[in-house]
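Novice: Please see the structure below; I have some questions.
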Amino acid sequence: MNRRNLTLDLYRIVAAALILLIHTSMISDGNGVHYNSYYFFIAISISRFCVPIFMVITGYYFFKNPTLMRKKRTLKSIIWLWGIWLVVYSPVGLYKLFKLPFEQALKAILEVFFQSSLSYGGSWYLVAVFWGIVIVDYLRKKRLMVISVVISVIIFILDCLNSTYYNLFSPFSNFAKPGEFCLTFLTGIVWITLSYYISKYSDALIKKCTNWLVLIISIGLPISEFLILYTIVPNYPLHSNNGATESFLTLPIAVTCIFTFLIGHPIYINRQKAIYFRNVATLMYFIQFGIVNISIHLFKYVGSINLLFWVDLFTVVLLSNLIFLISKCGFLTWLRLLYTAPLKFYNYEEKDLGESDEQE
């Protein structure tokens, strides 16, 4: 079988762009907070689907066939991308690390394995997926999924308290810096647990969640929740702790329905053609952290907040496509390491697993 579902790979492209909007819709510097109200609205509401659905995609396809071989391959793929981009951004990480006192530096090194790194903020997502699969799959094998559900509910409530509802429920929400708790490996347990149940009940969900009305309602739930908060919390954007809003109470329902809609409307094309979109989306996700830092700190685009997203999006898309295209040249094939692990990173059994039905 040499075909692949293009729908999810196209979603990845759109999601990578929306994640970039999160990182550019609100910027703080020594002169205060800069934001565009319209971009901020989209970033805080609609863009928040993106990373959870990324996690659900990986978990869903793993739990469809949770063999040891597939688990090893999935985890190794995660480890590779996490590690290679730590290397790419290591100058940034080392610069920040050397500025810290010894104890804080040691803490920062240990945190790399459980949350965001100093090198680039997006590393938390890979850490969360890795530990999510390890922990949830262990509980699945022990037939203790009820524990996984209870843990997920507790973590998700804490995520919401520490981010979206931080200002409404203080001091109960200040057990961590605003939005910091959401960006840890614990959040991965929530979405990987959800992906397990989506995988288990996918047939029933597809029958109920693949019409456009359900999709519109699903998108509207977090938007409505955001608008309510925007109304009752004075100066909500400024009190959102620089866009640290990560979790809405309605997000699990919305993510379940949107993901089900995507898999319920597959577009199967030649695998190699579809893989192009997946690889470019991967590059877009990781490259944006460097581009945003450069545009803000070097070119000072903070003063042109309305242009920041579009300039960075153009740069990210252009650079991602350029890297993908030149990585096919003989002497530059090593650039492929930026979006896929080399075959020798897997053993021969894992090489034979193939990717015809994988979307992680």
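Novice: Can you work out D for the stretch 1-133 in µm² s⁻¹ from Stokes-Einstein, where Rh is the Kirkwood radius over C-alpha pairs, the temperature is 4 °C and the viscosity is 1.567 mPa s?
Specialist: The estimated diffusion coefficient comes to 76 µm²/s.
Novice: Okay, next question. Determine the dipole magnitude for the chain: charges of +1 sit on the beta-carbon of Lys and Arg, -1 on that of Asp and Glu, nothing else is charged, the reference point is the Cα centre, and the result goes in debye to the nearest 20.
Specialist: It comes to approximately 940 debye.
Novice: Next up: Provide the descending list of Cα extents for the chain along its principal axes, expressed in whole angstroms.
Specialist: Sorted from largest, the Cα extents of the chain read 55, 49, 43 Å.
Novice: Before anything else, pin down the relative contact order of the chain: Cα pairs under 8 Å, at least 6 apart, normalised by residue count, whole percent.
Specialist: Here the relative contact order equals 30 percent.
Laboratory data are not the source of any read-out in this text; all were calculated from the coordinates shown. What you see is a predicted model; the values in this text were computed from it and never measured. When we count neighbours, we look across all protein chains shown, and the Cβ atoms used for this are built from the backbone with ideal geometry, even at glycine.
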